[in-house]
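Written below as structure tokens is the structure these notes are about.
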Amino acid sequence: MASAPQAGSEQALHYRWPIVPDIGDDRPDPIRPHAVFENEQTPTRKLQKRLAASILGCGKNRVWLDPNETNELSMANSRFNIRKMIKDGLIIRKAVKMHSRSRVRKNLEAKRKGRHTGIGKRKGTREARMPTKVLWMRRQRVLRRLLRKYRQQKKIDKRIYHYFYRHAKGNCYKNKRVLMEAIHAKKTEKMKEKALQEQSEARKEKARLAKEKKLQKKADAARTEEDGGWQQAKKR
């Protein structure tokens, strides 16, 4: 009869071992020599975890049960007992793990300075990373917000507002600074036109008054001449 292979060897996996009744010894299993078998069954604590999770308002994985008080915990089968153990500190709700964002903030600050944004860090085309449509919408919203603000503050009237609204849509201003400069230039131009118009009207009014004065003077001279001729005729 061939001898049995050594426990733990490759031949032991395919060897048909004889069925030997369990006599309670601590000899290793020939198939799994490193396996550990407990003769006594450990008490389950599923009920205690479920009740504690319900009372603490968290998940079962967040409930911590004191491993040194296994027997006492296994005897707790009601919410009253679970609350008492929570009060005694045998059952604790584990704290939520904090995920620090300090590294993220540090990386974002470096990216604002232009670091970590080279060719090797880019994925996707320029249009995919920042679409031109998004840039267009942002610019239009900024310009229109400025126009609304100026109109509400009575800095521009509705005609100037409409003029610049249409020109902003026509891609005449690339940013808010250019639009503000255009608004100031337009207002200055309108003020100059208004001043010139007032001067022109003043000159016209002055010329009209001078003409009226001249005509009045001429009429007075003619009337005086007529009166003088009539008096001379009367004397004769």
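No lab work stands behind these numbers, since they all come straight from the coordinates. All values reported here derive from a predicted model rather than from experimental measurement. We place every Cβ from the backbone using ideal geometry, glycine too, and count neighbours over all the protein chains shown.
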TODO: Output the direction-averaged projected area (hull surface divided by four) of the convex hull of the alpha-carbon atoms of region 46-93, in nm².
DONE: 2.7 nm²
Open item on the list: Counting other beta carbons within 10 Å of each residue's own, what order do L135, L143 fall into, fewest first?
Closed with: L135, L143
Task: Loop trypsin sites (Lys or Arg not before Pro), region 64-102 (other Cβ atoms within 10 Å of the site Cβ: 15 or fewer; DSSP) - done: K94, K97, R101
Task: Relative contact order (%) - region 101-236, alpha-carbon pairs under 8 angstrom, separation at least six - done: 14 percent
TODO: Can you check what the net charge comes to around G89, using other residues whose Cβ is under 14 Å from the Cβ of G89 (Lys, Arg +1; Asp, Glu -1)?
DONE: +1
